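Novice: Here it is, the structure, as structure tokens.
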Amino acid sequence: MFVDSHCHLDFPELIERKDDILALMAQNQVDQALCVSVKLETFPRVLALAEAYPHLYASVGVHPDNNDCEEPDVARLLALAAHPRVVAIGETGLDYYWHKDKPEWQRERFRTHIRAANACDKPLIIHTRDSADDTLRLMREEGASAPGGVMHCFTETQAVAEAALDLGFYISFSGIVTFKNAKALKEVARYVPLDRMLIETDAPYLAPVPHRGKQNEPGFVKHVAEHIAELRDESVETIARQTTENFRTLFKIV
Ligand SMILES: [Zn+2]
Ligand SMILES: [Zn+2]
């Protein structure tokens, strides 16, 4: 019924609880999850999950916050993305919150990911924090519309959502949309067309209400769907069905 379009199940704190986490997914009808890569060094763990479980998928990429790690080039990303269980490139993007000096290497790395996505025609998973203008500019300059993708864990303004939608991207909402103080984001979740929306946990971070502050896990994505259903005055089934269909369309899952 539900899909978690973005989680980090390979992180040690989640992998050690893997059996319980998979059990809660089944219990909450979270049928599929995309395990998102943040470093090449740990990519084998992400891929191992997707190889072991038919309902888990993998992406390949290096997160913009990670600066003490192997730097990817296009050829390396393409070689790893050739695996049939790898359905996306990322997570990639820009993060000027954790890197306030706005380093050039982040933009170079982001360009590398967009070029790889274009070359293999797999969609991008884009992270942006305090960097929306540069993120959108690089997406335009490098032709990110061709492979398309998703703005994950969206926390930006409606104007940024509009710009990303214009570029053909999907918008993914995490547990943040359930937080009481996220008023502007709730408005964005009302505005984004249902056929361009995804839901995610970004586990182990950002657990949705009623689990706020606890360790997050894919089974909790159900609460994100329930909250969006309430905001939009739709049934949970409608939100679940459409976001699942969007997930399969974007990541070409049959
Ligand atoms: Zn992210
Ligand atoms: Zn993430």
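A short reminder: the numbers here are calculations on the coordinates, not readings from a lab. Keep in mind the model is a prediction, meaning the values are calculated, not measured. Cβ atoms come from the backbone with ideal geometry, glycine included; neighbour counts cover every protein chain shown.
Novice: With contacts defined as alpha carbon pairs under 8 Å and 6 or more residues apart, what's the relative contact order of the range 73-142 in percent? Each step should come with its number before you reach the end.
Specialist: Working: 89 pairs, mean separation 28.6, N = 70.
RCO, the range 73-142: 41 percent.
Novice: With runs of 4+ DSSP H residues as the only contributors, calculate the mean residue ellipticity of the chain at 222 nm using -39,500 (n - 2.57) per run, divided by the residue total and rounded to the nearest 500. Intermediate values should be presented prior to the final figure.
Specialist: Values: 10 runs with 104 residues, N = 254.
Per the formula, -12000 deg cm²/dmol.
Novice: Note down the magnitude of the dipole of the range 2-251 about its Cα centre, charges +1 on Lys and Arg C-beta and -1 on Asp and Glu C-beta and zero elsewhere, to the nearest 20 debye.
Specialist: Details: 27 positive and 39 negative charges, 44 e Å.
With only Lys, Arg, Asp and Glu charged at Cβ, the dipole is about 220 debye.
Novice: Let me ask you something else. Can you compute 3J(HN,Hα) from phi for each residue in the range 53-65, using the Karplus curve 6.51 cos²θ - 1.76 cosθ + 1.60 with θ = phi - 60°, rounded to whole Hz and x for Gly and Pro?
Specialist: Using θ = phi - 60°, the values come out as 10, x, 9, 10, 10, 10, 10, 10, x, 10, 4, x, 7 Hz.
Novice: I need the helices of the chain that pass two filters: whole DSSP H segments spanning 15 Å or more by Cα along the axis, and mean Kyte-Doolittle score no lower than -1.0.
Specialist: Values: long enough: 104-120 (24 Å, -1.27); 221-232 (17 Å, -0.12); 236-250 (21 Å, -0.58).
Helices meeting the span and hydropathy rule in the chain are 221-232, 236-250.
Novice: Run the dipole for the range 106-179 about the Cα centre, Lys and Arg Cβ at +1, Asp and Glu Cβ at -1, nothing else charged, and hand back the magnitude in debye, nearest 20.
Specialist: Details: 8 positive and 10 negative charges, 55 e Å.
With only Lys, Arg, Asp and Glu charged at Cβ, the dipole is about 260 debye.
Novice: Mean separation of Cα pairs under 8 Å and 6+ residues apart, divided by the residue count of the range 2-251: what relative contact order is that in percent?
Specialist: Values: 534 pairs, mean separation 49.6, N = 250.
Here the relative contact order equals 20 percent.
Novice: Go through 8, 147, 89 and say which Cα lies farthest out towards the positive end of the charge dipole of the chain; charges sit on Cβ, +1 for Lys and Arg, -1 for Asp and Glu.
Specialist: Selected residue: 147.
Novice: Show me, for the range 84-101, the HN-Hα J-couplings you get by feeding each phi into the Karplus relation (A = 6.51, B = -1.76, C = 1.60, θ = phi - 60°), rounded to Hz, glycine and proline as x.
Specialist: Computed from phi, the couplings for the range 84-101 are x, 8, 8, 9, 7, 10, x, 8, 9, x, 9, 9, 8, 7, 7, 10, 5, 7 Hz.
Novice: Same structure again: Which whole-angstrom value gives the distance between the alpha carbon centres of the range 221-254 and the range 151-206?
Specialist: That distance is 12 Å.
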